[in-house]
1. State whether the residues of the range A:165-179 include one that is of a type in the set (Gly, Ala, Ser) and within 14 Å of chain B (Cβ to nearest Cβ).
2. Scan the range A:211-223 and give yes if some residue there is open to solvent by 10 Å² or more (accessible area, probe 1.4 Å), within 11 Å of chain B (Cβ to nearest Cβ), in contact with a Phe, Trp or Tyr (Cβ under 8 Å, 6 or more places away or on another chain) and over 30 Å from A:ILE258 (Cβ atoms), otherwise no.
3. Evaluate the range A:137-158: report whether one residue or more is open to solvent by 20 Å² or more (accessible area, probe 1.4 Å) and more than 29 Å from B:ALA235 (Cβ to Cβ).
4. Being of a type outside the set (A, V, I, L, M), surrounded by 21 or more Cβ atoms within 10 Å (Cβ to Cβ) and within 8 Å of chain A (Cβ to nearest Cβ) is the requirement here; does B:TRP251 meet it?
5. Do we find a residue being among the hydrophobic types (A, V, I, L, M, F, W, C), assigned to a loop (DSSP other than H, G, I, E, B) and surrounded by 15 or more Cβ atoms within 10 Å (Cβ to Cβ) anywhere in the range B:201-213?
6. Which of the residues that make up the range B:184-200 are touching a residue at least 60 places away in the same chain (Cβ under 8 Å) and part of a helix (DSSP H, G or I)?
7. All but one of (1) out of contact with any Asp or Glu (no Cβ under 6 Å at 6 or more places or on another chain); (2) within 14 Å of chain A (Cβ to nearest Cβ); (3) farther than 22 Å from A:GLY158 by Cα hold for B:THR210; state the number of the condition that does not hold.
Amino acid sequence: MIRFVLGKLAYLLPTFLGITIVAFGFVRVLPGDPVLLMAGERGLSPERHAELSHALGFDRPLWQQYLDFLVRLLHGDFGVSLVTKRPVLHEFFTLFPATIELSLCAILLATAIGLPLGIFAAIRRGSWFDQVSMSTALVGYSMPIFWWGLLLIIFFSGFLGWTPVSGRISLMYFFPKVTGFMLIDSLLSGQKGAFASALSHLILPAIVLATIPMAVIARQARSAMLEVLGEDYVRTARAKGLSAWRVVGLHALRNALIPVITTIGLQVGTLMGGAILTETIFSWPGIGKAMVDSISRRDYPSVQGGLLIIAAAVMLVNLIVDLLYGLINPRIRHR
Amino acid sequence: MTTTTEIEPAAATGTIAALREFWHYFSENRGAVIGLWVFVALVLIAVFAPLIAPHDPIEQVRDALLKPPSWAEKGDPRFLLGTDAVGRDILSRLIFGARYSLFIGVIVVVVALSGGIVIGLVAGFFGGWVDTVIMRVMDVILAFPSLLLALVLVAVLGPGLTNAMIAIALVLQPHFARLTRGAVMGELPREYVMAARVAGAGKARLMFRTILPNCLAPLIVQATLSFSGAILDAAALGFLGMGAQRPTPEWGTMLAEAREFILSAWWVVTFPGLAILITVLAINLMGDGLRDALDPKLKRS
């Protein structure tokens, strides 16, 4: 197992270096003077320009600039945001819990609905349930989620008046930030109505973000289940006279779940892409919205840092999924 | 010489038979056929947009701002799906928008597919360090969430439809490269490749004429999926203000303009998104049918 983990890490290292090259190169291929872009100042005197250029390291050879960049990254120095004047790493770490909370709720929702949907569709293959649920899944898979979010706002916030339009919690509530997860913090605060408020803010964004993963999970669960149900050992179990539920629950499900778990894990990248849109629509203060804002404000140090942090986070989650996969499926580990 | 004249007609009937077999499997999937018809209708709408559209898509009718659809209360019979905030006919904008979305899909897929095929063929065919370097670069591109990378690329290149298309093509391309490479590595040890090699076929001929035609099935399926993905991503970039710029009647850009009216004028928001959904759904339905018809593993069952 240790060899398996080390092998995975060794494989990821070049990819990670590649990511740093992209983040490093991004600033240098932007149209315009990188010194002005990264310093966020305009109309500089030549002396000030030279001073900034030296301070930011732009006067050195490119390879040395890249090495400096790497060394600074290793020290946790991701640059300073031009807008807030605070370290980029700190900015993103304060925003991360909001995105994680939203993504976790979305993936839980997607799994809780998508998995049973796919499994039942496979068991009742060709039935109206199969057809309706798979048609729905295809609609979900084809959904432009930014529009879907707007529709939900029109209906639930505008027409019914049930849910708020934006933010994470009503401004009435103040409580200390303990975990950064609004659902947990609001419970810890013990304030009446705080949890309900946090939940009502979360529900629509979570549904929107869950839509595509839910469809993917349902489709994948159905096809994995169908494949397993056609296997010899399932036929044997049936021939032994085991009840249909025992066959499905005990024999088929366990084997069908393995590829589905990988699919769920691989949705993390999709979730990050979806978070950009979902957070923008619902003004959810997470890293997706922060990236869009940084790009439109030309806050390039933040874009650079964010790009790096998000890609590294996605890579890390994929690595964990890979390792878990090796844990539940020994065939992969020993290959 | 005689052998070629004998083989040619056989090959021709083979193609027709293969097409007939393909249609047999494709038409078994009712959804796929519906998707195909909707897609054909969309193509016709896009081609004949100037003839079909009742109004100019960017003409602003000053006495008809934010008119609801004609069947609704206070609707204007001149504007079937209503007008937007500056008095433009939504139906006409949607009809012209079909041109943009299909155009985006075609160009992005052609660029990503041809780039991916060449890169994948080179990696799979030459192997060794060429393969390692190429696939590592692909890994790096795939490590970023695709919409994020496309967004940042557009920030570098500058907002606009052309740059959005370049960015999306670049982000989609590794999928084709990986698929091609995998297929090539599966085909390389086969006997017919060896036969062609022994017969003296050059590297380019081996790659493009001998191996490539036998790797096409998964690429076609992936191309269909990328087609709908490209339309969605382009609309998303338009929605974020980084794709097609106003007053282009691109569906995502229309949604971006409509955002401030979500609680006052539902029709401005509803119809462009519906157009995106229908288009993407039709293409995905076709994609499912194509996969079933081209995948020999499923055919047997």
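1. Of all residues in the range A:165-179, those of a type in the set (Gly, Ala, Ser) come to A:166-167, A:170.
Those still in the list that are within 14 Å of chain B (Cβ to nearest Cβ) too: A:166.
Within the range A:165-179, one or more residues are of a type in the set (Gly, Ala, Ser) and within 14 Å of chain B (Cβ to nearest Cβ).
2. Applying the first criterion (open to solvent by 10 Å² or more (accessible area, probe 1.4 Å)) to the range A:211-223 yields A:211-212, A:214, A:216, A:219-220, A:222-223.
Now drop any that are not within 11 Å of chain B (Cβ to nearest Cβ), which leaves A:212, A:219, A:223.
Subsequent filtering for residues that are in contact with a Phe, Trp or Tyr (Cβ under 8 Å, 6 or more places away or on another chain) retains A:212, A:219.
Imposing the further condition that a residue be over 30 Å from A:ILE258 (Cβ atoms) reduces the set to none.
For the range A:211-223, residues open to solvent by 10 Å² or more (accessible area, probe 1.4 Å), within 11 Å of chain B (Cβ to nearest Cβ), in contact with a Phe, Trp or Tyr (Cβ under 8 Å, 6 or more places away or on another chain) and over 30 Å from A:ILE258 (Cβ atoms): absent.
3. No: the range A:137-158 contains no residue that is open to solvent by 20 Å² or more (accessible area, probe 1.4 Å) and more than 29 Å from B:ALA235 (Cβ to Cβ).
4. On the way: of a type outside the set (A, V, I, L, M): yes; surrounded by 21 or more Cβ atoms within 10 Å (Cβ to Cβ): yes; within 8 Å of chain A (Cβ to nearest Cβ): no.
When the stated conditions are applied, B:TRP251 does not pass them.
5. Residues of the range B:201-213 among the hydrophobic types (A, V, I, L, M, F, W, C): B:201, B:204, B:206-208, B:211-212.
The next check asks that each one be assigned to a loop (DSSP other than H, G, I, E, B); those that pass are B:201.
Checking the rest, the ones that are also surrounded by 15 or more Cβ atoms within 10 Å (Cβ to Cβ) come to B:201.
Yes: the range B:201-213 contains one or more residues that are among the hydrophobic types (A, V, I, L, M, F, W, C), assigned to a loop (DSSP other than H, G, I, E, B) and surrounded by 15 or more Cβ atoms within 10 Å (Cβ to Cβ).
6. Our first condition is that a residue be touching a residue at least 60 places away in the same chain (Cβ under 8 Å); within the range B:184-200, this holds for B:184-185, B:188.
Across the range B:184-200, the qualifying residues are B:VAL184, B:MET185.
7. (2)
Each row is one residue, and each column tells you yes or no for (1) more than 27 Å from B:LEU225 (Cβ to Cβ); (2) not acidic (Asp, Glu).
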position	(1), (2)
B:LYS67	yes, yes
B:ALA85	yes, yes
B:SER92	yes, yes
B:VAL109	no, yes
B:VAL118	no, yes
B:ASP131	no, no
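The values are calculated or read from the model by the stated rules, or taken from the named source; none is laboratory data. All figures in this text were calculated on a predicted structure; none of them were measured in a lab. Cβ atoms come from the backbone with ideal geometry, glycine included; neighbour counts cover every protein chain shown. Side chains included, ligands, DNA and RNA excluded: accessible areas come from the protein's heavy atoms. Shrake-Rupley method; radii C 1.70, N 1.55, O 1.52, S 1.80 Å.
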